[in-house]
Amino acid sequence: QVQLVESGGGLVQAGGSLTLSCAASRSIVSFNDMGWYRQAPGKQRELVASTGRGDSTNYAEPVKGRFTISKDNAKNTVYLQMNNLKPEDTGVYYCFAQRFTMARSWGQGTQVTVSS
């Protein structure tokens with residue numbers, strides 16, 4: 001239905017910053033929910049941040065005050081600005097998009113590694 005391609009991951013020292021991008025193959029204005037999950041080795045995938053159609057946002061408690069999710073509808077892209085990164089933030093970050101009760105679309109993920 002829609003293809004999502006993440007970019008911007010990499011290796012960063014604790015306290016550093018990264019910006020992740022998720023480029024969609026079609027207009028994102030019709031999606032009621034978009035955002036990011038992450039999965040650390042041996043851990044279950046967890047929601048990091050999401051944004052609704054009305055630009056509402058929500059964040060997992062561990063990232064509140066450090067991460068910011070935003071969208072650029074003209075570029076069909078959602079971003080995740082990550083500041084003050086911690087080793088606990090290490091994992092594969094996945095972009096998702098969903099419209100109502102339809103199945104979620106997922107990107108293939110981008111690796112984020114934070115060294116202490």
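The values are calculated or read from the model by the stated rules, or taken from the named source; none is laboratory data. This one's a predicted model, so the numbers in the text were calculated from it and none came from an experiment. No Cβ is skipped: glycine too gets one built from the backbone with ideal geometry, and neighbour counts run over all protein chains shown. When the accessible area is computed, the model is the full protein with side chains, heavy atoms only, and any ligands, DNA or RNA have been set aside. Shrake-Rupley method; radii C 1.70, N 1.55, O 1.52, S 1.80 Å.
Listed values, structure above:
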| item | result |
| --- | --- |
| Relative contact order of the chain, defined on C-alpha pairs under 8 angstrom at six or more residues apart (%) | 37 |
| The chain: most fluctuating residue of 97, 60, 49 per GNM, C-alpha cutoff 10 Å | 60 |
| Paramagnetic reach from residue 33 in the stretch 87-114 [backbone N under 15 Å; point 7 Å along Cα→Cβ] | 95-106 |
| The stretch 72-86 - phi-based ³J(HN,Hα) in whole Hz, Karplus 6.51/-1.76/1.60, Gly and Pro as x | 10, 5, 5, 9, 6, 9, 10, 10, 9, 8, 10, 10, 6, 5, 10 |
| Surface share of carbon and sulfur [accessible, 1.4 angstrom probe, percent] for the chain | 48 |
| Percent of beta bridges antiparallel (DSSP, the chain, rounded to nearest 5) | 90 |
| Probe 1.4 Å - accessible area at residue 71, Å² to nearest ten | 60 |
| Coordinate range along principal axes, alpha carbons of the chain, Å, largest first | 40, 26, 23 |
| For the chain, accessible area per residue (1.4 Å probe, heavy atoms of protein chains only), Å² | 52 |
